[in-house]
Amino acid sequence: MAQDITIQKLADAFNIGRYQIDAWISRGYLVPQNECERGKARIFTMRDAIALGAIVDFARLGFEPARVAPHIGNLHGVADGDALLVIYEGPIRLSSQEDAAFMDSDIPAPASKIISPQRLPEIAADPEVRSFAVVNLNDIERRVTKALSAD
């Protein structure tokens, strides 16, 4: 049986305070999958834990959690194998085709995607990508697993 992921386990895994996690939940930056029942401790899913870890890691890079929050909704795409969450700025393609038209502006909206580490050079070499930041989702999962086994 899988061990429950509690707020204390998440605080331990990411070296942040429980109150910080609660604050991010109350502000809507992290929307846990399980409802919180009055008088009971909330149990988090691994997806919640990975999303929180991404917010924490990007925050340590200087990103405001409010700016990261819209990008953690696509974590459903995480599969077996190494996975990186990349948030980047650059023109937004109107389709996934390589030669598709794109919208460009002076202040581009950030976009995100989950890629394998082998695809990171594609992002770095893309002349249309102005800037990017990356967190390793597998490392986040390892930290949660380690915190769960620390009992």
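The values are calculated or read from the model by the stated rules, or taken from the named source; none is laboratory data. What you see is a predicted model; the values in this text were computed from it and never measured. Positions of Cβ are generated from backbone atoms using ideal geometry, with glycine treated the same way; all protein chains shown enter the neighbour counts. Just so you know, the surface numbers come from the protein's heavy atoms only, side chains and all, with ligands and any DNA or RNA stripped out. Shrake-Rupley method; radii C 1.70, N 1.55, O 1.52, S 1.80 Å.
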Practice problem: Scan the range 1-30 for residues that are open to solvent by 20 Å² or more (accessible area, probe 1.4 Å) and among the β-branched types (V, I, T) and jot them down. | Solution: T6, I7, I16, I25
Quiz item: So which residues in the range 1-58 are of a type in the set (G, A, S) and on the phi < 0 side of the Ramachandran plot, if there are any at all?
Solution: A2, A11, A13, G17, A23, S26, A41, A49, A51, G53, A54
Exercise. May I ask you to verify whether I50 is touching a helix residue (DSSP H, G or I) at 6+ places or on another chain (Cβ under 7 Å), open to solvent by less than 90 Å² (accessible area, probe 1.4 Å), not charged (D, E, K, R) and not in a helix (DSSP H, G or I)?
Key: no
Quiz item: Under 8 Å by Cβ, and 6 or more places apart or on different chains, what pairs join a residue from the range 94-123 that is at pLDDT 60 or above with one that is among the acidic types (D, E)?
Solution: P108/E89; A109/E89; P110/E89; A111/E89; I115/E122; S116/D82; P117/D82
Quiz item: Would it be correct to say that E122 is in a loop (DSSP other than H, G, I, E, B), charged (D, E, K, R) and either exposed (fewer than 15 other Cβ atoms within 10 Å of the Cβ) or out of contact with any Lys or Arg (no Cβ under 9 Å at 6 or more places or on another chain) (or both)?
Solution: no
